[in-house]
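Trainee: Before we start, here is the structure in question, set down as structure tokens.
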Amino acid sequence: MASPRHSPAQEAYLQFHGVLGGRPVHHTLANHWARVVEMLYAAERMKELAHDPELTSPMVRTLPSAVPREGVGVVEAPRGTLFHHYRTDERGIITAANLIVATQNNAARIALGVEKAAKKLITGGDVPEGLLNMVEMAFRAYDPCLGCATHSLPGSMPLLVQVRNPRGVPLAVLRRNADGSIHRE
């Protein structure tokens, strides 16, 4: 008996599930693979919705007749939930904007991931050269575009890691500058 044909997203999910051993998956870097599955599904769903007569009807959108004064939006995105809150003046010009991005929602988990990566790599006060890359890998698993969340200039990813002993005494400082150069202090 032939197996039913699955959509590309379902095939990707089945492969993800088979390789990583079922649910729940606790591998931090599996987030990237899971995002691929999500994006495949989103593409499939967009194609369906693009042909939905209820959504393509000219009656689906009602333009406001008054100037909107305040609005709130919530969007689920691959890196987490995004909250937007805007206020406008009498001309409809935005006077206040408050965005809560996934980085803020994931801050505690990001901190735990960074700490875990650092503790695995630092032994006896020895701070390896690859520490900055591993720390970056840990937080990018939750937020692949930290620059977007922090409003840093495109292409720069300065990073500072301060290593302290249990009493708080500094042992080492590693710094990656915006130009990519690494300095040990």
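The values are calculated or read from the model by the stated rules, or taken from the named source; none is laboratory data. Here the structure is a predicted model, which means the values were calculated and not measured. FYI the Cβ positions are ideal-geometry reconstructions off the backbone, even for glycines, and counts take in every protein chain you see.
Trainee: List the helices (runs of 4 or more DSSP H) that sit entirely inside region 51-124 and contain at least 2 residues that are free of Cβ contacts under 8 Å to residues at least 40 places away in the same chain and farther than 18 Å from D143 by Cα.
Mentor: 53-56, 107-121
Trainee: For region 168-180, how many residues meet the condition of being more than 18 Å from D126 (Cβ to Cβ) and either more than 25 Å from the chain's Cα centre (by Cα) or not assigned by TED's automatic domain parsing to the domain that holds M137 (or both)?
Mentor: Residues flagged as more than 18 Å from D126 (Cβ to Cβ) and either more than 25 Å from the chain's Cα centre (by Cα) or not assigned by TED's automatic domain parsing to the domain that holds M137 (or both) within region 168-180 amount to 1.
Trainee: Among residues belonging to region 57-69 that are modelled with pLDDT of 85 or more and surrounded by 10 or more Cβ atoms within 10 Å (Cβ to Cβ), point out the one that is farthest from the chain's Cα centre (by Cα).
Mentor: V67
Trainee: Follow-up question, since we're still on this one. Which one is nearest to L132 (Cα to Cα) among residues in region 162-179 that are of a type outside the set (A, V, I, L, M) and touching a residue at least 40 places away in the same chain (Cβ under 8 Å)?
Mentor: The qualifying residue nearest to L132 (Cα to Cα) is R176.
Trainee: Among residues belonging to region 70-80 that are of a type outside the set (D, E, K, R) and within 30 Å of V36 (Cβ to Cβ), point out the one that is farthest from the chain's Cα centre (by Cα).
Mentor: Across region 70-80, the extreme among qualifying residues is G73.
Trainee: Here is a further query. Looking for something outside any helix (DSSP H, G or I) and surrounded by fewer than 11 Cβ atoms within 10 Å (Cβ to Cβ) - is there at least one such residue anywhere in region 33-50?
Mentor: no
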